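Notes follow the structure.
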Amino acid sequence: MNQDIAKFSTSVNIERDAEKTLRYITTPNAQEIFKQIANNFETTHQRAFIMVGAYGSGKSAFLWAFEQTLNKKGNYFADLFSVFDKFAGFEFVPFVGKPQSLLATVAEKFGVEKYKVTKSIFKALDSHYQALQEKGKGMVMLFDEFGKFLEYIAKHSPEKETYFLQELAEWTSGKNVLLIASLHQGLAGYSYGLTETQRNEWRKVEGRLKELTFNEPVEQLLQLASHHLEARKENAKLPTNFNQLFEVIKNANKKIIKDNYTLKFAKTLYPFDVLTATVLTQALQKYGQNERSLFSFLNADDYLGLFDFYKSGLPYFNLVRLFDYLKHNYSSALSQREAFELMQWSAIKMAIERTEGEAVIEDAGLLPTALEVLKTVGILGIFAPKSSHLDADFLTQYLELSGKTKNVAEAIEKLTQQKIIRYAGYANRYVLWESSDVDIEKEIQKNIREIDQNIDLVKELLFDFDLPYIIAKQALLQRGTPRVFSFQISEAPITSLEPEGEIDGYVNLIFSLGQTEESIAKASKDCKFATLFGFFTNTAKIRQTVIEIKAIRKVKAENLDDKVAQKELDNLERHH
């Protein structure tokens, strides 16, 4: 995280801000990147690195902190600095990417006029490096926004420029020199339009520059946000139901609320509830520019944003508020054809329009509550993991505790009756109904009742699963020859599977309601051949799941013209 002591800065420029004092919070991800660079510097000849991360993820701020640490102006990586401590400092040579020749840019920086002969550039580099060595100093060449150079290279003289980049990376090898370039995507992403020969040269560059992934996980961005929010006076008074809301969210969203999301940590994120804070961070990663957009949001007086919220008198900046903020401030990103989840956002818009036109809901005085339910269901449909339990109890408790919403359960019932939302039992959540004439749950249950419950489970499993051959890796490592095993599925243990041909043994998977662990163990003991027995103790549940799959496929076959139903049934089938 970077922040000017006097004023927040949305971005860092490694040339412009080199002498500025910025506030930088070191994240575990930044520490790991520093550690990789330091370890390579100490133990290998690798000196050239490509740091790849999305827009606004903090790469430029990291490069600023890197320079501050190596030149002892600040100590942001204290535990990892010892590798560089023996130097009297480092000369940092910054380059900010422009759509121009890399070769010419480097030549100009080192005062080389006849740069078309690359030998003259490396002669100047050698001379400069030698002078630094005599002072006990190292050198760091920083290339921020390196993609702009690569875009130019791909269009103009790619052979010569690419070869120069290879030579430059090789020149750093083993020297007290680091070359670090930052990119928004991997090197391969800039090779579009090149010939096969040119791509081969591009791959050589990839081999000489070690790639470092620089993307802050959601958890780390939330840690940064909490540092910022803790400094604000507005977050001092927590609502009396804070602990209760935290437990409601945690119980329904196990995979969103990680183990390190303690109640104490959640309090540092107020006025956000912890679910909204997580979804906000995910949304800004997708539609904005990661860290940059997050801290712009925390500091800017946007309509429906954080400063606007403080004037609202509401207890929490919750998912409903976040939905309104994203729709207003990121409308272009959400409506672009290449935008993530375009269909889901369109479905939410359609559901809202249908709800606003439903006289039944409006006459009951439930329209404002119904819209809050829709916005919550819609945004969680995009961002919440499939394991989340988003049932009526959760929606009711969440909206009543995080807002001032009344009659949530009644609104859910009306929305369900009007076929605007529906409860997907298989996924334990409410979802948008879209537009289908098929009552999917009802049709599946009807077909389950019609299917013979005494199905041949082994036959059904063999129909759906084509199990591969596997190799006993330990035997291969110890003896140098492969031992190949084949799978067999059955209701009872097969003790007569004698290996033949290329098969050295079998894995017999047993699905049976009549066998016991004791009977399987006895069969294994009596078996004279190389057979491993696997006994499934949840066969009854597997049988029921197979029956449900058959029922889903039957509903699909009966409703081929209903595209919405087909889409939902495909999701159901994959889930099962």
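Dipole magnitude for the chain: computed about the Cα centre from +1 point charges on Lys and Arg Cβ and -1 point charges on Asp and Glu Cβ, it is near 1720 debye.
Of the solvent-accessible surface of segment 351-450, computed with a 1.4 Å probe and all protein chains present, 45% belongs to carbon and sulfur. In the chain, the longest principal axis of the Cα atoms and the axis of helix 158-172 are about 80 degrees apart.
In segment 452-530, the portion of solvent-accessible area held by carbon and sulfur atoms comes to 52 percent [1.4 Å probe, whole percent, DNA, RNA and ligands not counted]. Could you estimate the translational diffusion coefficient of segment 139-186 from the Stokes-Einstein equation, with Rh from the Kirkwood formula over C-alpha pairs, at 25 °C and 0.890 mPa s, in whole µm²/s? Approximately 212 µm²/s, per Stokes-Einstein.
The order of 175, 237 by accessible area, most exposed first and with a 1.4 Å probe, is 237, 175. Over the residues of the chain, the helix contribution to mean residue ellipticity at 222 nm works out to -15500 deg cm²/dmol, using -39500 (n - 2.57) for each DSSP H run of at least 4. For segment 269-329, the relative contact order works out to 39 percent when only alpha carbon pairs closer than 8 Å and six or more residues apart are counted. Distance distribution note for segment 531-576: the fraction of Cα pairs above 16 angstrom is 47%. Quick note on segment 72-175: its Rg to Rh ratio, both from C-alpha atoms and Rh being the Kirkwood radius, is 1.01.
Taking all protein chains as they are arranged and a probe of 1.4 Å, the heavy atoms of residue 553 leave approximately 80 Å² accessible to solvent.
Dividing the Cα radius of gyration of segment 373-428 by 2.2 N^0.38 Å, with N the residue count, gives 1.08. Accessible area per residue for the chain, computed on protein heavy atoms with a 1.4 Å probe, is 50 Å². A P(r) calculated from all alpha carbon pairs of segment 425-557, with 10 Å bins opening at zero, reads 10, 30, 26, 18, 12, 4, 0 percent. Taken over segment 484-523, the percentage of Cα pairs per 10 Å bin, counting from 0 up to the bin with the maximum distance, is 29, 51, 19, 2. Rolling a 1.4 Å probe over the protein heavy atoms leaves residue 273 with an accessible area of roughly 0 Å².
Exposure check, 1.4 Å probe, all protein chains in place: residue 495 carries approximately 60 Å² of accessible surface. Considering only alpha-carbon pairs that sit under 8 angstrom and 6 or more positions apart, the relative contact order computed for the chain is 10 percent. Compute the angle between helix 392-402 and the longest alpha-carbon principal axis of the chain, please, reported from 0 to 90 degrees and rounded to the nearest 10. Taking the Cα atoms of the chain, the angle to 392-402 is about 40 degrees.
Oblate is the label for segment 116-155, because a/c, from the alpha-carbon gyration tensor with a ≥ b ≥ c as root eigenvalues, is 1.5 or above and a/b does not exceed b/c. Axis angle, to the nearest 10 degrees, between helix 319-329 and the longest C-alpha principal axis of the chain: 50 degrees. Heavy-atom accessible area with a 1.4 Å probe sorts 575, 128, largest first, into 575, 128. What does the charge count near residue 185 come to, summing +1 for each Lys or Arg and -1 for each Asp or Glu among other residues with Cβ under 13 Å from its Cβ? Residues near residue 185 contribute -2 overall.
Rounded to the nearest 20, the Cβ-based charge dipole of segment 64-197 about its Cα centre (Lys and Arg +1, Asp and Glu -1) stands at 340 debye.
Three semi-axes describe the equivalent ellipsoid of segment 117-224; taken as square roots of 5 times the Cα gyration tensor eigenvalues and ordered largest first, they are 26, 24, 10 Å. For the chain, leaving out every one of the chymotrypsin sites (Phe, Trp or Tyr not before Pro) that falls in a DSSP loop and has at most 13 other Cβ atoms within 10 Å, the longest unbroken run is 1-191.
Of 51, 343, the order by accessible heavy-atom surface (1.4 Å probe, DNA, RNA and ligands excluded), from most exposed downward, is 343, 51. In terms of overall dimensions, the C-alpha atoms belonging to the chain reach 86, 76, 45 Å along their principal axes, ordered largest to smallest.
The values are calculated or read from the model by the stated rules, or taken from the named source; none is laboratory data. Everything quoted here is computed from the prediction, not taken from an experiment. Positions of Cβ are generated from backbone atoms using ideal geometry, with glycine treated the same way; all protein chains shown enter the neighbour counts. For the accessible areas, the whole protein counts, side chains as well, though only heavy atoms, and no ligand, DNA or RNA atoms are used. Shrake-Rupley method; radii C 1.70, N 1.55, O 1.52, S 1.80 Å.
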